[in-house]
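*Asks:* What follows is a single structure, and I will ask about it in a moment.
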Amino acid sequence: MATLIDLIRAGHKVERHRPWPRAVVDAKVWRSAAGALADGGLSLLGLWGEPSCVHMAVLDNRTSAIGVLSLDCPDHQFPSVAAHHAPALRLERTIHDLFGLVPTGTPDPRPWLDHGRWQRRFPLGERLDASTDAAPYRFLPAEGGGLHQIAVGPVHAGIIEPGHFRFTASGETVVRLEQRLGYTHKGVEGLMAGSTVEQAVRLAGRISGDSTVAYALAFAQAVEAAQRIAVPPRALLLRALMAELERLANHLGDIGAICNDASFALMQAHCAVLRESVLRAADAAFGHRLMRDLVVPGGLARDIAGDGSSAIRAALDQIRRHFPALIELYDNTASLQDRTVTTGVVTPALARQFAAGGYVGRASGRNHDARRMPGYLPYDGLRFEVPVLSDGDVNARVWIRIREVEQSLGLADQILAGLEAGPVRVSLQAATESCEGIALVEGFRGDILAWLRLSGDRIERCHLRDPSWFQWPLLEAAIEANIVADFPLCNKSFNCSYSGQDL
């Protein structure tokens, strides 16, 4: 079985773009990497394209090393990774839509982002046309007596983003779910190409609005890696503080929303109060409830307000006072447990295969957290645990969130206690030649990948990969053999991002 170091050594133009190496490989090595993914020796972290090149970021599961393999595609074709490793499929379909590169041997050549409205395939799909002569999208068939289909979306009754869900059911039992996404494609990566670093970081923070800190942090770390910039210690701590506040707010909101989808609205009401306390504290400390446009390459756009620490401590104290009672309420409500326990199971094997991050992966036994591996500052100097369960059901995903709330409270305390005076930003240096950077950051959903290439103060190419890319397919598996009425509960326990996945 090929290791990452074997694959890197087999390539040419081996370069170290801090903190990971990248090698240009041939088709044979590319296929070897696909085989190592299928065998479980490697995990797929990302797969993205350019007009005549594809890139693959992988994690070596034996050594925890991370690297990038690149394959030139002068004939606009590349060997399909998905032919060996299913998690690559939607990413390959996206590469084809945006760049016209053909994954040879793919098991599914259907478009992903292109909904039949694109007249021609330009790089990053920047030119659109209201063409209506495209062939209709064909959902996968399901055979058997008494089966019927239920079409849900893309427009939903609630205030949520658009996505189509095609259920095949036998009575009330779901036999197959197939998703059709791409409705929130905004061409963000195309907008980034040619933009300044300052413009691009604002776009990064808007890819998925509930993860604005995490996305801006991933982008900023990639720029800093490319330019070999050391961020001031105070800025590193404040970045981590904002990331933990973002995690707290989202987890509290999710716990309440999951319970609400099980008709237990009381939990949602109490969790919403606690979530609101976090958002108000963030506004008092950083001038924005979601802390948008604060993390920038080189540090922070502004320092914490003078009374910001006190506002955050007050919110943390409020959560500590009230959250334990909510946990007890959740755990001791039999009707609620009846809905969440053994519902929507993701097996540990699937979680490993798809390298599922965040609460989806950790609820199914995958012990991975980007704050620990590969790790980044300042988390190497902070004490925290990564909770892991193996049941893989809705209940396990709730409990992972509960434990992560507790860990974030402790992390925020440590950060506030360790804050020392100092600058919060250093200046960027315009690159005299093209340079690359890459970063992996832990958002509340899981790991966010950022890769970019700079030329001066301009972005040549930037790719940001949301954790939802590897979680949406698992939702299809989780709902099988469950009843249709449990889909909202399963879906909310995943809480995948439409916007983050549609780019």
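*Asks:* Scan the range 326-351 for residues that are part of a helix (DSSP H, G or I), surrounded by fewer than 20 Cβ atoms within 10 Å (Cβ to Cβ) and of a type in the set (A, V, I, L, M, F, W, C) and jot them down.
*Replies:* The answer is ILE327, LEU329, ALA334, ALA349.
*Asks:* Is at least one residue of the range 192-205 of a type in the set (S, T, N, Q) and out of contact with any strand residue (DSSP E or B) (no Cβ under 7 Å at 6 or more places or on another chain)?
*Replies:* Pass one, the range 192-205, residues of a type in the set (S, T, N, Q): 195-196, 199.
This time we only want the ones that are out of contact with any strand residue (DSSP E or B) (no Cβ under 7 Å at 6 or more places or on another chain), so: 199.
Yes, the conditions are met somewhere in the range 192-205.
*Asks:* Could I ask something else about it? Considering every residue within the range 403-411, establish whether at least one is among the aliphatic types (A, V, I, L, M) and not in a helix (DSSP H, G or I).
*Replies:* There is no residue in the range 403-411 that is among the aliphatic types (A, V, I, L, M) and not in a helix (DSSP H, G or I).
*Asks:* When the range 453-498 is examined, which residues are found to be crowded, with 21+ Cβ neighbours inside 10 Å, of a type in the set (Gly, Ala, Ser) and assigned to a helix (DSSP H, G or I)?
*Replies:* SER468, ALA478, SER493
*Asks:* Does VAL213 satisfy the condition of being under 30 Å from HIS185 (Cα atoms) and more than 18 Å from the chain's Cα centre (by Cα)?
*Replies:* no
*Asks:* Among the residues of the range 396-412, which ones are in contact with a Leu (Cβ under 7 Å, 6 or more places away or on another chain) and open to solvent by 30 Å² or more (accessible area, probe 1.4 Å)?
*Replies:* Across the range 396-412, the qualifying residue is only TRP399.
*Asks:* Tally time: how many residues in the range 412-443 are in contact with an Asp or Glu (Cβ under 6 Å, 6 or more places away or on another chain) and within 30 Å of ALA314 (Cβ to Cβ)? Please lay out each step first, then the result.
*Replies:* We begin by selecting, within the range 412-443, every residue in contact with an Asp or Glu (Cβ under 6 Å, 6 or more places away or on another chain); these are 412, 424, 430, 440, 442.
Restricting the remaining residues to those that are within 30 Å of ALA314 (Cβ to Cβ) gives 412, 424, 442.
The total comes to 3.
*Asks:* Please find, among ALA220, ALA269, ALA243, the residue that is under 19 Å from the mean Cα position of the chain (by Cα) and either under 21 Å from ASP413 (Cα atoms) or open to solvent by 10 Å² or more (accessible area, probe 1.4 Å) (or both).
*Replies:* ALA243
*Asks:* Restricting attention to the range 139-188, which residues are open to solvent by 20 Å² or more (accessible area, probe 1.4 Å), closer than 18 Å to ALA481 by Cβ and either in contact with a Cys (Cβ under 6 Å, 6 or more places away or on another chain) or part of a strand (DSSP E or B) (or both)?
*Replies:* Matches in the range 139-188: LEU147, HIS148, GLN149, ILE150, ARG166, SER170, THR173, VAL175, ARG176.
*Asks:* Given the structure, is TRP451 in contact (Cβ under 8 Å) with a residue 60 or more places away in the chain, in contact with a His (Cβ under 7 Å, 6 or more places away or on another chain) and closer than 27 Å to LEU248 by Cα?
*Replies:* yes
*Asks:* Filter the range 1-23 down to the residues that are open to solvent by 70 Å² or more (accessible area, probe 1.4 Å) and among the β-branched types (Val, Ile, Thr), then identify the one that is modelled with the lowest pLDDT.
*Replies:* VAL14
The values are calculated or read from the model by the stated rules, or taken from the named source; none is laboratory data. Not measured: the values here are computed from a predicted model. All Cβ positions, glycine included, derive from the backbone under ideal geometry; neighbour counts span all protein chains shown. Areas reflect the complete protein model, heavy atoms only, side chains present, ligands, DNA and RNA absent. Shrake-Rupley method; radii C 1.70, N 1.55, O 1.52, S 1.80 Å.
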